[in-house]
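First comes the structure, then the notes that go with it.
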């Protein structure tokens, strides 16, 4: 069971073994990219960090915390497919960031995504972040162990 104390290693065990490569997640959205993942992604793609940010990423803010996500190729919709999704699958599958590796479409998908948001977007030291998270809880779900 995923909870607020679940480690990154445990989350990876849940997510990585469950992905069946159906590309559903990537067809209707894209993954979050943490700032600290940008240098390694750029290096593996053999492009500059600036080029990665400007051409492949878009800023994303949640709970008063800013990270990035892969750009989505939208066609008059608020969502679209991930910029790295090709007909055969993910163009960067071997170097994908943490959120790509743990996010799944299975029964754990909602829990693991909530864990990621809590772990990397919720900042308990920031009153505005906590306020926004409390507002989110009026409609969204949480995981066990979150203490505000």
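The values are calculated or read from the model by the stated rules, or taken from the named source; none is laboratory data. Just so it is clear, the structure is predicted and the values come from calculations on it, not from any experiment. With ideal geometry, Cβ positions are generated from the backbone for all residues, glycine too; neighbour counts draw on all protein chains shown.
Against the condition touching a strand residue (DSSP E or B) at 6+ places or on another chain (Cβ under 8 Å) and either assigned to a helix (DSSP H, G or I) or farther than 21 Å from residue 27 by Cα (or both), how does residue 66 come out, does it pass?
Against the criterion (touching a strand residue (DSSP E or B) at 6+ places or on another chain (Cβ under 8 Å) and either assigned to a helix (DSSP H, G or I) or farther than 21 Å from residue 27 by Cα (or both)), residue 66 qualifies.
Any idea how many residues of region 21-46 are over 14 Å from residue 101 (Cα atoms), assigned to a loop (DSSP other than H, G, I, E, B) and out of contact with any strand residue (DSSP E or B) (no Cβ under 8 Å at 6 or more places or on another chain)?
Count: 1.
So, in region 97-125, how many residues would count as being at pLDDT 90 or above, touching a helix residue (DSSP H, G or I) at 6+ places or on another chain (Cβ under 9 Å) and assigned to a loop (DSSP other than H, G, I, E, B)?
Matching residues across region 97-125 total 5.
How many of the residues in region 14-55 are free of Cβ contacts under 8 Å to residues at least 40 places away in the same chain and within 16 Å of the chain's Cα centre (by Cα)?
So the count comes out to 4.
Looking only at region 58-75, filter to residues that are without any contact (Cβ under 8 Å) to a residue 24 or more places away in the chain and closer than 27 Å to residue 126 by Cα; which one of those is surrounded by the most Cβ atoms within 10 Å (Cβ to Cβ)?
Checked region 58-75; the qualifying residue surrounded by the most Cβ atoms within 10 Å (Cβ to Cβ) is 58.
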